[in-house]
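Working notes, beginning with the structure itself.
The values are calculated or read from the model by the stated rules, or taken from the named source; none is laboratory data. Here the structure is a predicted model, which means the values were calculated and not measured. Glycine gets a Cβ as well: all are built from the backbone with ideal geometry, and neighbour counts include every protein chain shown. Keep in mind that these areas ignore ligands, DNA and RNA; they rest on the heavy atoms of the full protein, side chains included. Shrake-Rupley method; radii C 1.70, N 1.55, O 1.52, S 1.80 Å.
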Amino acid sequence: MKNIVVLLSGRGSNLEAIVRAARAERWPAQVVGVVSNRADAAGLAFAAAHGIATAVVEHTRFVSRQAFDSELQQVIDRFAPDVVVLAGFMRILTRPFVEHYAGRIVNVHPSLLPAFPGLHTHRMALAAGCKLSGATVHFVTAELDHGPIIAQAAVPVLPDDDEATLAARVLQREHVLYPRALGWLVNGLLQVNGGCVTQTLGEPQWLC
Ligand code: GRF
């Protein structure tokens with residue numbers, strides 16, 4: 001069994017989707033730990049209720065990003081992770097941290113990267129008059145919301161959308177996309193060639 005560690009800062013709806021898929025699809029992997037930088041993250045309660053170990057590393061206790069990341073890494077590594085999953089983890093990570101998990105750390109971002117990295121993605125997509133938006137699952141590199149793209153889901157942007165309605169439509173797709181991409185990863189079905197990731201069985205790496 002491979003070990004998955006999920007990092008989150010809040011709600012944890014992607015965590016739920018991943019835990020459910022791992023169990024229902026009998027992945028050769030399980031979520032063994034959930035780590036948060038916020039003690040009040042709802043995702044921690046879901047994890048605990050499902051028998052998954054939790055840990056909190058509050059970023060406010062650290063004087064620098066380096067110090068926080070170094071403690072975070074120690075906590076994560078106690079779970080002997082094969083895969084580290086960022087699921088709404090609202091911290092910028094330092095290069096040494098990201099490089100420590102190179103090739104085994106992934107993120108979901110609520111835009112069609114490389115468009116709109118960072119915060120307020122839906123606001124920016126609406127302001128730009130985008131007709132499509134979506135979500136991206138990618139390997140994490142030291143550059144924020146950047147890295148080889150594993151899969152993307154597109155959704156329409158409707159004329160009467162606001163940030164909340166667009167976010168909800170995208171999130172619903174994330175719950176399909178992220179488990180699918182992780183399932184491929186833990187089953188050894190991804191090949192990375194430079195910046196390009198291929199699903200080796202030829203399954204579509206997009207959802208519309
Ligand atoms: C998602 O929109 C994800 O794309 C972003 O943070 C949000 C996390 O939501 N990175 P949840 O905590 O998984 O419900």
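For this structure, a couple of remarks:
- Applying the criterion of being more than 15 Å from the ligand (Cβ to nearest atom) and outside any loop (DSSP other than H, G, I, E, B) to the residues of the stretch 120-138, the residue that is nearest to Gln199 (Cα to Cα) is Leu132.
- Options Ala45, Ala39, Ala67, Ala55; residue that is outside any loop (DSSP other than H, G, I, E, B), open to solvent by 10 Å² or more (accessible area, probe 1.4 Å) and either within 14 Å of the ligand (Cβ to nearest atom) or closer than 29 Å to Leu166 by Cα (or both): Ala45
- Scanning the stretch 157-188 for residues that are open to solvent by 30 Å² or more (accessible area, probe 1.4 Å), away from the ligand (no atom under 16 Å from the Cβ) and in contact with a helix residue (DSSP H, G or I) (Cβ under 8 Å, 6 or more places away or on another chain) gives a single hit, Leu158.
- Qualifying residue in the stretch 19-33 (condition: out of contact with any Leu (no Cβ under 9 Å at 6 or more places or on another chain) and within 15 Å of the ligand (Cβ to nearest atom)): yes
- Elements of the type strands (runs of 3 or more DSSP E) sitting completely within the stretch 141-208 and holding at least 3 residues that are farther than 26 Å from Phe97 by Cβ and in contact (Cβ under 8 Å) with a residue 24 or more places away in the chain: these cover 149-156.
- Among the residues listed as Val140, Val155, the single one being within 16 Å of Gly118 (Cα to Cα) and in contact with a strand residue (DSSP E or B) (Cβ under 9 Å, 6 or more places away or on another chain): Val140
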